[in-house]
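The values are calculated or read from the model by the stated rules, or taken from the named source; none is laboratory data. All of these numbers come straight from a predicted model, not from anything done at the bench. Methodologically, a virtual Cβ is constructed for each residue, glycine included, from the backbone with ideal geometry; neighbour enumeration extends over all protein chains shown. Heads up: the accessible areas ignore ligands, DNA and RNA and are worked out on the full protein's heavy atoms, side chains in. Shrake-Rupley method; radii C 1.70, N 1.55, O 1.52, S 1.80 Å.
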Amino acid sequence: MMSSQPPSLYVNLKPQNLDGKLLSFCGVDGAGKSTSLEIAAKYLEKLGVNYLAVKMPSSAARSLSYFRTYAEDHTTAIRGIVDLPSLCIVLLGDRLMTLRERVLPSLKDGSWVLCDRYIWTTLAELHAVRCDEHQMSVIRTIAEMFPMPDISFVSDVSADVAIQRIKSRPDEQHFNPNRELFIKFLESFREVSKANDLCIFSSEQCIENTKSLICKKIDELINSNSWERKK
């Protein structure tokens with residue numbers, strides 16, 4: 001019998017405990033995560049900190065036909081055209097490969113790593129389409145193979161602002177999402193952030209406030225231990 005209780009969104013990740021620092025940036029499309037990552041990158045450059053920017057999933061995974069089908073129309077996961085739990089397992093495997101081949105070696109060398117999307121995106125998307133606890137438990141088990149980022153930034157935004165931002169892009173002027181589902185994605189990111197104590201903030205505030213928040217969090221991370229810059 002299927003449980004009436006919503007699936008748990010908490011993932012028990014362990015600290016990465018390497019010389020570098022791991023930062024993740026998540027949120028719905030149009031939330032401003034790329035802008036947030038760029039702010040962090042420029043600030044680290046100013047401080048003279050070595051960093052690597054990594055996008056998850058990889059370009060190879062994003063070129064898969066079933067990924068493209070889902071990316072172009074997220075309702076395919078609701079209509080049964082794309083099996084989202086299966087796709088998420090594939091993408092988690094791709095993320096894990098990137099983690100082991102690029103992220104962990106950089107962290108061991110003392111560099112900071114900035115991840116454009118992380119496992120939080122997977123949890124939010126599955127929750128938005130009402131994935132059940134059994135399937136979510138499988139995803140959580142795989143996700144627990146990933147380390148906990150030192151900071152997980154989640155850009156929050158209203159649906160209307162996010163959609164307007166996407167439509168302002170030259171190649172996406174005809175973007176017309178399912179607004180109800182888009183709102184569910186936003187709500188899911190908020191719930192995942194609350195369950196895992198992530199740093200969620202509104203990207204609708206002025207850019208200077210966003211910069212101040214991100215730079216302050218980075219400063220706190222630098223000052224929290226004996227980490228030394230490596231130029």
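General remarks:
- Test result for Cys131, modelled with pLDDT under 95 and among the hydrophobic types (A, V, I, L, M, F, W, C): yes
- Checklist (1) of a type in the set (Lys, Arg); (2) in contact (Cβ under 8 Å) with a residue 24 or more places away in the chain; (3) open to solvent by 30 Å² or more (accessible area, probe 1.4 Å) applied to Lys33, failing item: (3)
- Considering the conditions (1) closer than 26 Å to Tyr43 by Cα; (2) open to solvent by 60 Å² or more (accessible area, probe 1.4 Å); (3) in contact (Cβ under 8 Å) with a residue 40 or more places away in the chain, Glu133 is excluded by exactly one of them, (1).
- Any hit, region 213-224, residues being open to solvent by 90 Å² or more (accessible area, probe 1.4 Å) and on the phi > 0 side of the Ramachandran plot: no
- Flag if Ser193 is modelled with pLDDT of 95 or more, under 21 Å from Leu9 (Cβ atoms) and not in a helix (DSSP H, G or I): no
- Screening Asn176 with (1) part of a helix (DSSP H, G or I); (2) modelled with pLDDT under 95 gives one miss only, at (1).
- Looking across region 196-220, just one residue is farther than 28 Å from Leu9 by Cα and not in a helix (DSSP H, G or I), and that is Cys206.
- Of the residues in region 155-165, at least one is open to solvent by 20 Å² or more (accessible area, probe 1.4 Å) and under 17 Å from the mean Cα position of the chain (by Cα).
- Just one of (1) loosely packed, with under 14 Cβ neighbours inside 10 Å; (2) closer than 30 Å to Leu213 by Cα fails for Ser86. It is (2).
- Whether a residue is charged (D, E, K, R), open to solvent by 20 Å² or more (accessible area, probe 1.4 Å) and closer than 25 Å to Glu180 by Cα was assessed, and Asp73 passes this test.
- Within region 4-30, the set of residues being closer than 14 Å to Trp120 by Cβ and crowded, with 19+ Cβ neighbours inside 10 Å comprises Leu9, Val11, Leu22, Leu23, Ser24, Phe25, Cys26, Gly27, Val28.
- Test for Tyr66: is it surrounded by 16 or more Cβ atoms within 10 Å (Cβ to Cβ) and either of a type outside the set (A, V, I, L, M, F, W, C) or modelled with pLDDT of 95 or more (or both): no
- Given (1) over 30 Å from Lys21 (Cα atoms); (2) modelled with pLDDT of 95 or more; (3) small (Gly, Ala, Ser), number of the condition Ser155 does not satisfy: (1)
- Yes/no for Arg79 being basic (Lys, Arg) and either touching a Phe, Trp or Tyr at 6+ places or on another chain (Cβ under 6 Å) or without any contact (Cβ under 8 Å) to a residue 40 or more places away in the chain (or both): yes
- Across region 188-202, the number of residues qualifying as basic (Lys, Arg) and open to solvent by less than 50 Å² (accessible area, probe 1.4 Å) comes to 0.
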